[in-house]
Amino acid sequence: MAGEPSGADKNRRDFLYIATGAMATAGTAVALWPFIHQMNPAADVLALASIEVDLSGVPVGQAITVRWRGKPVFIRHRTPDEIAEAQKVDVGTLRDPQADSARVQKPEWLVMVGVCTHLGCIPLGQKDTDPHGEFDGWFCPCHGSQYDSSGRIRKGPAPQNLEVPQYAFIDANRIRIG
Amino acid sequence: MSGSTQPSGGPTKGVLGWIEFRLPIFSFLNSSVGYAYPAPKNLSYWWNFGSLAGVALVIQILTGIVLAMHYIPTAAEAFGSVERIMRDVNYGWLLRYMHANGASMFFAVVYLHIFRGLYYGSYKYPRELLWWIGLVIFILMIATAFMGYVLPWGQMSFWAATVITNLFSAIPLVGTAIVTWFWGDFSVGDALLRRLFSLHYLLPFVIAAMAIIHLWALHQHKSNNPLGIDMKGPQDQLSFHPYYTAKDLFGLGIYLIIFAALVFYVPNSLSEPVNYVPANPLQTPPHIVPEWYLLPFYAILRAVPDKLGGVIAMAGALVVLFAVPWLDTSKVRSARFRPIFKWLFWVFVVDAIVLGIVGAHPPGGAYVPIGQIATAYYFLHFLVLMPVIGKLESPLPLPDSIATAVLAKGKR
């Protein structure tokens, strides 16, 4: 450049540099978004995000596993003993305090995502012959997390209770999950 | 190369001269790996592992490119396509066994390369950036190996993908959103498999680019050596070719013998049999373990009885390596002249092996406290012992030059 720019000219230059730089940065950031957002669940994946389940074939004391959003959902027809056990626990002593009543819509039906909140393994306990842990619920074989008859974390590394998905009773024997 | 090659320049006559005038590639090769690249004259076989890592990378890329011609990255067909490679594709079994065992060989030589650097202080001034670039390559290797392991879509593939991607759910507030973003779904499935395949194909070329930058930084200050003192003149040097090209080729021969023994005689010895069971999203295998080369880090993850804490410890085990050039307060590079550090190095090696053994076993009984002690020692070594011993220890006298040390050894 020929010679030092005068004071006013210098300020003008600075302004142009900063404005151009800011515009380029903002433009790049905006252009980056499609490249990031393309990795989020696509429209067809989101469209498949709800299912209906018929509960009439599940006797008391039995459980079924259905697949929702690629994950297992545990649906357990709880016995009166299990319900009583889940309700009498002192909520204050729990790692992730939650009353049993906040986890069920009807006490006899426990519906929750069967994915351990530690690192995503599937806990055992759906079958009678499975280990149920010390709390009459579910036991994760990966790192030893134990859940009670309300699916709440009681022992082991998992930080949270088994997730209760959004669901609604369509009629007495059918629910829609999602 | 032709007789017209000068020790320092390129060819000037003929076809090679014509090319050299337009693209000085011959003089570049000569000054990079030829007569004109000086290396310390006392390099031991511990200095073979860099070139072996380069060879391992090339083998992985070549076998990977041809495997990708047959592999199908969908949840429905991935497992079957790998079995088809094993049974029906001509020499598919050989290519896949080379690729799977090649990954183990790659990690083996890179671990030896890293431990060599730790023993001889290769990370110290002026090679700190060289060390950093090497660590970036190592982290890229871990990512690439994990992604490749997912592709066969067996039980271990699937659950490794589940557990590893779930590590990010430990991040407060945004963890779940990040994991959903990784997955492109609400669980591990097709979307994740396809993006991992895409990245598994990309990252080796990023590693290759980083390896070239690694060599660029290496050539700036040349190789360290077992004495850890600088080259002071021609009397301390040998030309890379033919001395170290020959030495590297000899090492390569040994490497290929071991590699062939693995591939042809015990190709499944380092892998988990349960990965020959197709992925089942509704059933977790009773015991999940990573491949052998990631076991120490897995042990560190499990040593901390808290989800976020475990993830931080595992990441910290890698991050702390970046600080090593400054954590080591000793001015002396080579452990050969460091009477206390020399032993601490070997204790650290044992610690790393113990972590590997702990990582391979289910977390129960004595493995829990042993894993926790070994994890604590891992960090103690870097964060406490390295800085403190560097100050306290009085190193042995260093030789005047590489040449005098080599000649004195020759006389004895």
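The values are calculated or read from the model by the stated rules, or taken from the named source; none is laboratory data. Owing to the predicted nature of the structure, the values given are computational and were not obtained by experimental measurement. Here the Cβ is made from the backbone with ideal geometry for all residues, glycine too, and neighbour counts use every protein chain on show. These area figures cover heavy atoms from the full protein model, side chains too; ligands, DNA and RNA do not enter into them. Shrake-Rupley method; radii C 1.70, N 1.55, O 1.52, S 1.80 Å.
Could you look at chain B and say what percent of its accessible area is carbon and sulfur, using a 1.4 Å probe and all protein chains?
73 percent
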Kirkwood Rh, Cα atoms: Rg over Rh of the range A:46-177: 0.94
field: Using alpha-carbon coordinates, inclination of helix A:7-37 to the longest axis of chain A, degrees
entry: 30 degrees
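How big is the dipole moment of the protein assembly as shown about its Cα centre under a simple scheme where the beta carbon of each Lys and Arg is +1, that of each Asp and Glu is -1, and everything else is neutral? Debye, nearest 20, please. Kindly include the intermediate steps, with their values, before the conclusion.
Details: 43 positive and 37 negative charges, 430 e Å.
The dipole magnitude comes to about 2060 debye.
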- prompt: Considering amide H positions built from the backbone, and no H for Pro or chain starts, which residues 5 or more places from A:TRP138, or on another chain, come under 5 Å of its amide H?
  reply: A:TYR147, A:ASP148
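Counting only heavy atoms of protein chains, what accessible area per residue, in Å², does the range B:1-117 have with a probe of 1.4 Å? Kindly include the intermediate steps, with their values, before the conclusion.
Working: 5900 Å² over 117 residues.
Value returned for the range B:1-117: 50 Å² of accessible area per residue.
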field: Among B:GLY102, B:GLY365, B:GLY80: highest mean-square fluctuation, GNM of chain B, C-alpha pairs under 10 Å
entry: B:GLY365
statement: Extend 7 Å from the Cα of B:ASP306 along its Cα-to-C-beta direction; within the range A:144-162, residues with backbone N under 20 Å of that point are A:144-146, A:153-161
Pairwise FRET efficiency - B:LEU318 versus B:VAL388, Cβ, R0 = 22 Å, nearest 0.05: 0.45
- prompt: For the range A:141-148, in order, what is each residue's ³J(HN,Hα) by Karplus, 6.51 cos²θ - 1.76 cosθ + 1.60 with θ = phi - 60°, in whole Hz (x at glycine and Pro)?
  reply: x, 5, 10, x, 6, 10, 10, 8
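Considering only protein heavy atoms and a probe of 1.4 Å, how much of the accessible area of the range A:46-177 is carbon and sulfur, as a whole percent?
Working: 2920 of 5870 Å².
Of the solvent-accessible surface of the range A:46-177, carbon and sulfur hold 50 percent.
Whole number in Å², please: accessible area per residue of the range B:280-412, 1.4 Å probe, ligands, DNA and RNA not counted.
Details: 6600 Å² over 133 residues.
It amounts to 50 Å² per residue over the range B:280-412.
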statement: Mean separation of Cα contacts under 8 Å (at least 6 apart) over the residue count of chain B, i.e. the relative contact order in percent, is 21 percent
Radius 11 Å from Cβ of A:VAL60, net charge of other residues (Lys, Arg +1; Asp, Glu -1): -1
- prompt: With the solvent-accessible surface defined on protein heavy atoms using a 1.4 Å probe, which residues belonging to the range A:41-58 display a reduction of at least 10 Å² in accessible area in the multichain context relative to the isolated chain?
  reply: A:PRO41, A:VAL45, A:LEU46
Note, ³J(HN,Hα) from phi for the range A:71-81, Karplus 6.51, -1.76, 1.60, rounded to Hz, x at Gly and Pro: 10, x, 10, 8, 10, 10, 8, 6, 7, x, 4
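Taking each residue in B:183-194, count the Cβ atoms of any other chain within 10 Å of its Cβ, then average. What number comes out?
Values: counts 5, 6, 10, 12, 9, 3, 4, 2, 6, 1, 0, 0.
Neighbouring Cβ atoms belonging to other protein chains average 5 per residue here.
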field: Gain on full stretching of the segment that runs from A:ASN173 to A:THR93 - 0.36 nm per residue minus C-alpha separation
entry: 25.4 nm
message: Using only alpha-carbon positions, what ratio does the radius of gyration of the range B:200-326 give when scaled by 2.2 N^0.38 Å?
response: 1.54
- line: Interface buried area A-B, accessible surface with 1.4 Å probe, both sides summed, nearest 100 Å², comes to 2100 Å²
message: Calculate the FRET efficiency for B:VAL274 and B:ALA246 from the Cβ-Cβ distance with a Förster distance of 51 Å, rounded to the nearest 0.05.
response: 0.70
statement: Counting only protein heavy atoms and rolling a 1.4 Å probe, one gets per residue an accessible area for chain A in Å² of 55 Å²
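Per-residue mean of other chain beta-carbon atoms within 10 angstrom of the beta-carbon, peptide A:119-127? If you can, show how the numbers build up before the last one.
Numbers: counts 14, 13, 8, 7, 1, 3, 0, 1, 0.
The mean count of partner-chain Cβ atoms within 10 Å per residue comes to 5.
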message: For a Förster distance of 35 Å, can you work out the FRET efficiency between the beta-carbons of B:ALA208 and A:TRP33, rounded to the nearest 0.05?
response: 0.75
